[in-house]
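Novice: Structure below; questions to follow.
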Amino acid sequence: MHRRITRRHLVALAAALPAAAQTPPAPIPANPEEERKAVLALFRTNGETLAKVTLPMSTEPATHFKA
Amino acid sequence: MAHIDDSIFFATITEVNAKLKAKEFSAVELARAFSDRLERLGPRYNALALSLREAVIRKAKDVDGEIKRERFRGPLQGVPFAVKDLLSVEGHPTTWGAKPYAGQVIDETATVVTKLNKLGGLLTGKLAMVELAGGPSYRYAAASLQGPGLNPWDRTRWSGGSSSGSGIAVAAGLATYALGSETSGSILTPSAFCGVTGLRPTYGLVSRHGAMALSWTMDKIGPLCRSVEDCGLVLQAIAGADSNDPASANKSFYYTPQFARPMKDIVIGFAPVDFSDWAEPAARPDLQKAFDLIKQLGVQVKETKLPDFPYGAMAQTIIAAEGASIFEPLIQSGRVDELADQKQIAGLKAGLEIPAKDYLKAMRIRTLVQRAFRELFADVDVLVTPSRFGPAPKLSQPLDRPLSDRPSPQDRGMSGLIPAGNLAGLPALSLPCGLAEGMPVGISLVTRPFGEGLLLAVGREFQARTDWHKRRPPVS
């Protein structure tokens, strides 16, 4: 059955979009083990984010050893 | 015995020094008065780590002798100051704000403290801080041996950190100025939340020798003061080469406001979204007014975008990896579990598991970040953004969660400037610029490396036209 989309529906949909796009924060870990897993997961995610950055092979780290 | 008026606790460096030289009171009387106040009020805000009353009174006697003989050492002579308890003072405890180090005594005085002592400064005490300077991250304001820093403007709110005691001490008149440190936000945040003027110097300008290391490549020592002028005077005293700091830039700094560039020659970069959407609604009016005032100084303005890099992931990786390496003995011994904050404990342990490839990748991207900022500062002299997007949070608020339900703006603006600026080693100045919900808010200026003079010039013009830096919290 064809359902008529009203202006009210469109307004509600538009209002819901920012909330849908916003990832809700993870719950606060309940114990040290959960905390550890959460931090490890964060560091893994950071590593994945860094891996996506393409670098010229010649780019050296921003710190150098001097004899 | 001279009567010391309460106004002295909120006087600037120059004012205090002038009154001493005019013999309105002696350095000993001043040292006693500030020590009394620090000991009486410091604990009210969880700001005090250690009073150095006996030592400072001994020092004050020397200062009185020198002033009597007209042996003047400059504007910092006889001026009471206090330092974040990550700076060591020989023979006295240095706790790093952390229970495992509560009894630690380091038999060496930090370079910056030695420099201020040589100029006749009166070190009255060590100030509370977030444990281990908050690295790699923490969840609650209570992450400290001394408990949560309580904001002098409203003790149900946080002072900001990790230089919590430093922000409190200056705001509440417990010291004329303080030293703090920043790895990523730890000078700018308490400065903004407590309504004081804070300066994060260029990486390498100020010696880190004698300061607890959290991140070798990101730690900086800097002043929190009552004015831009005071920041300039303190930076001049503490900056400079130090062979004991491998990261020393071997550069000095001279505070020369008389040679400041004309405002019309200065280009300010900004992102409108910072003031319209990122700023919390209560803070927007005064932040916008502050930016409007900066424009009225006669500067040129230019909409600017931050170079696009994953600053958060980079900063977290570098700080966590370096911090875990530094504190490896603490972690491996299990004493890390004595820290107050569960997230901090977990972060330090997990930091030892960060792969070398991630750390090296972050450090390589960092080279590109520096290059990108060099290009940015070819067109723009100073970036302006809110120091923090809202006032200090309530003490119970988890600091790693959004403060409101407002969705984050799509346009990043300069929201990443704290990690970005710290990754690139850039200097920054936070200026009190208004109130939101009765609490201070600040605006930050950031510039190219070793451009502190430029920051101070713009900041000085701003403070000549405003009085936010003179406002005081309701301290009885």
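Novice: How much space per residue, in cubic angstrom, does the convex hull of the C-alpha atoms of chain B take up? Before the final figure, lay out each step's value.
Specialist: Numbers: hull volume 62.3 nm³, N = 476.
Expressed per residue, the convex hull around the Cα atoms of chain B is 131 Å³.
Novice: Ranking request for peptides B:94-103, B:160-169, B:52-61: highest mean number of other beta-carbon atoms within 10 Å first, then the rest in descending order.
Specialist: On the way: B:94-103: 21.4, B:160-169: 35.2, B:52-61: 18.1.
Result, highest mean Cβ count within 10 Å first: B:160-169, B:94-103, B:52-61.
Novice: Using only the Cα atoms of region B:224-366, what do you get for the radius of gyration and for Dmax, in Å?
Specialist: Spelled out, the Cα radius of gyration and Dmax of region B:224-366 are 21.3, 58 Å.
Novice: Still on this model: Which lysines have a Cα less than 29 Å from the Cα of residue A:66, not counting those fewer than 8 places away in the same chain?
Specialist: Answer for residue A:66, where 29 Å is the Cα cut-off: B:115, B:220, B:251, B:357, B:361, listed by chain and number.
Novice: So for region B:238-394, taking the charge dipole from beta-carbon charges (+1 Lys/Arg, -1 Asp/Glu), which of B:330, B:293, B:283 sits furthest toward the positive end?
Specialist: B:293
Novice: In addition: Can you put B:182, A:60, B:328, B:29 in order, fewest other beta carbons within 10 Å first?
Specialist: Details: B:182 28, A:60 11, B:328 14, B:29 18.
Ranked by crowding around the Cβ, least crowded first: A:60, B:328, B:29, B:182.
Novice: Between residue B:360 and residue B:404, with labels modelled 7 Å along Cα→Cβ, what's the label distance in nm to one decimal, could you check?
Specialist: 4.5
Novice: Could you name the aspartates and glutamates whose alpha carbon sits less than 13 Å from that of residue B:343, not counting residues in the same chain fewer than 8 places away?
Specialist: Candidates past the 8-residue exclusion: A:33, A:34, A:35, B:131, B:400.
Novice: Would you order A:64, B:209, B:92 from fewest to most other beta-carbon atoms within 10 Å of each residue's own beta-carbon? Kindly include the intermediate steps, with their values, before the conclusion.
Specialist: Values: A:64 6, B:209 21, B:92 17.
Sorted ascending by nearby Cβ count, the order is A:64, B:92, B:209.
Novice: Related question: So, R0 is 56 Å and r is the distance between the beta-carbons of residue B:302 and residue B:337; what FRET efficiency does that work out to, to 0.05? Kindly include the intermediate steps, with their values, before the conclusion.
Specialist: Working: r = 50 Å, r/R0 = 0.90.
Calculated value: 0.65.
Novice: Let me ask you something else. Please report, in debye to the nearest 20, how large the charge dipole of chain B is about its Cα centre when each Lys and Arg carries +1 at its beta carbon and each Asp and Glu carries -1 there.
Specialist: Around 460 debye, computed over chain B.
Novice: Could you state, as a whole-number percent, how many of the C-alpha pairs of the protein assembly as shown are farther apart than 36 Å? Walk me through the numbers before you get to the answer.
Specialist: Numbers: 44219 of 147153 pairs.
Result for the distance tail: 30 percent.
Novice: Another question about this same structure. Would you list the membrane-span-like helices of chain B, meaning whole DSSP H runs whose alpha-carbon atoms span at least 20 Å along their axis and whose mean Kyte-Doolittle value is at least 0.0?
Specialist: On the way: long enough: B:27-41 (21 Å, -0.07); B:53-68 (22 Å, -0.88); B:311-326 (22 Å, 0.86); B:356-379 (36 Å, -0.29).
Qualifying helices: B:311-326.
Novice: Per-residue mean of other chain beta-carbon atoms within 10 angstrom of the beta-carbon, peptide B:365-373?
Specialist: Numbers: counts 7, 4, 8, 5, 1, 1, 2, 0, 0.
For peptide B:365-373, the averaged partner shielding equals 3.
Novice: Over all directions, average the projected area of the Cα convex hull of region B:113-252 and note it in nm².
Specialist: Details: hull surface 30.8 nm².
Value for region B:113-252: 7.7 nm².
Novice: What dipole magnitude, in Debye to the nearest 20, does region B:74-124 give about its Cα centre under +1 on Lys/Arg Cβ and -1 on Asp/Glu Cβ? Show your work: numbers first, answer last.
Specialist: Working: 4 positive and 4 negative charges, 34 e Å.
In debye, rounded to 20, region B:74-124 gives about 160.
Novice: Give me B:70, B:353 ranked fewest to most by other Cβ atoms within 10 Å of their Cβ, as a rough exposure proxy. Working shown, then result.
Specialist: Working: B:70 7, B:353 14.
Listed from fewest to most nearby Cβ atoms, that is B:70, B:353.
Novice: Follow-up. Starting from the Cα-Cα distance between residue B:62 and residue B:328, subtract it from 0.36 nm times their residue separation and give me the gain in nm to one decimal.
Specialist: Numbers: separation 266, 0.36 × 266 = 95.76 nm, distance 4.23 nm.
This chain segment gains 91.5 nm when fully extended.
Novice: What residue among A:64, B:273, B:93 has its Cα farthest toward the positive end of the dipole of the protein assembly as shown, where the charges are +1 on Lys, Arg and -1 on Asp, Glu, each on the Cβ?
Specialist: Of A:64, B:273, B:93, it is B:273.
Novice: For the pair residue B:252/residue B:108, report the inter-label distance in nm, with labels modelled 7 Å from Cα in the Cβ direction.
Specialist: A separation of 2.4 nm, rounded to one decimal place.
Novice: Name the trypsin sites (Lys or Arg not before Pro) in region B:397-476 that are in a loop by DSSP and that have at most 14 other C-beta atoms within 10 Å, would you? Before the final figure, lay out the partial values.
Specialist: Values: sites: B:412, B:460, B:465, B:470, B:471; in loops: B:412, B:465, B:471.
In loop regions of region B:397-476 (DSSP not H, G, I, E or B), the sparsely surrounded trypsin sites (Lys or Arg not before Pro) are B:465.
Novice: Between residue B:374 and residue B:5, 0.36 nm times their residue separation minus their Cα-Cα distance comes to what?
Specialist: That works out to 128.0 nm of additional length.
Novice: Further question on the same structure: Which FRET efficiency value, to the nearest 0.05, do you get for residue B:21 and residue B:437 by plugging their Cβ-Cβ distance into 1/(1 + (r/R0)^6) with R0 = 60 Å? Display every interim value, and only then the final one.
Specialist: Working: r = 41 Å, r/R0 = 0.69.
Plugging the Cβ-Cβ distance into 1/(1 + (r/R0)^6) gives 0.90.
Novice: Around residue B:237, what is the net charge, scoring Lys/Arg as +1 and Asp/Glu as -1 over all other residues with Cβ under 14 Å from its Cβ? Could the numbers behind the result be given before it?
Specialist: Working: positive: B:73, B:115, B:118; negative: B:229, B:230, B:242, B:452.
Summing Lys/Arg as +1 and Asp/Glu as -1 gives -1.
Novice: Among B:198, B:234, B:209, whose Cα projects farthest towards the positive end of the dipole of region B:192-317, with charges put on the beta-carbon of Lys, Arg (+1) and Asp, Glu (-1)?
Specialist: Among B:198, B:234, B:209, the one farthest towards the positive end of the dipole of region B:192-317 is B:234.
Novice: Given the peptides B:331-343, B:72-84, arrange them by the average over their residues of other C-beta atoms within 10 Å, most packed first. List each step's numbers first, then the result.
Specialist: Working: B:331-343: 17.8, B:72-84: 25.1.
Highest to lowest by the protection proxy: B:72-84, B:331-343.
Novice: Label points 7 Å out from Cα along the Cβ direction at residue B:465 and residue B:36: separation in nm?
Specialist: With each label placed 7 Å out from Cα toward Cβ, I get 4.2 nm.
Novice: Would you mind counting up the charge near residue B:426? Only other residues with Cβ under 9 Å from its Cβ, with Lys and Arg at +1 and Asp and Glu at -1.
Specialist: Here the count lands on +2.
Novice: Charges at C-beta only: +1 for Lys and Arg, -1 for Asp and Glu. How large is the resulting dipole of region B:177-322 about its Cα centre, in Debye rounded to 20? All intermediate terms of the calculation are to be shown ahead of the outcome.
Specialist: Details: 12 positive and 15 negative charges, 69 e Å.
In total the dipole reaches around 340 debye.
Novice: A further question follows. Cut-off under 25 Å on the C-alpha distance; same-chain residues fewer than 8 positions from residue B:470 excluded. Which lysines are left, in chain and number order?
Specialist: B:19, B:21, B:23, B:84, B:126, B:289, B:295, B:394
Novice: To the nearest whole number, what is the average tally of beta carbon atoms from other chains within 10 Å of the beta carbons of peptide A:24-31?
Specialist: Values: counts 2, 4, 2, 1, 7, 4, 0, 1.
Rounded to a whole number, the mean comes out at 3.
Computed from the coordinates by the stated procedures, all read-outs in this text should not be read as laboratory data. Model, not experiment: these values are computed from the prediction. Note that we place each Cβ from the backbone using ideal geometry, even for glycine, and neighbour counts take in every protein chain shown.
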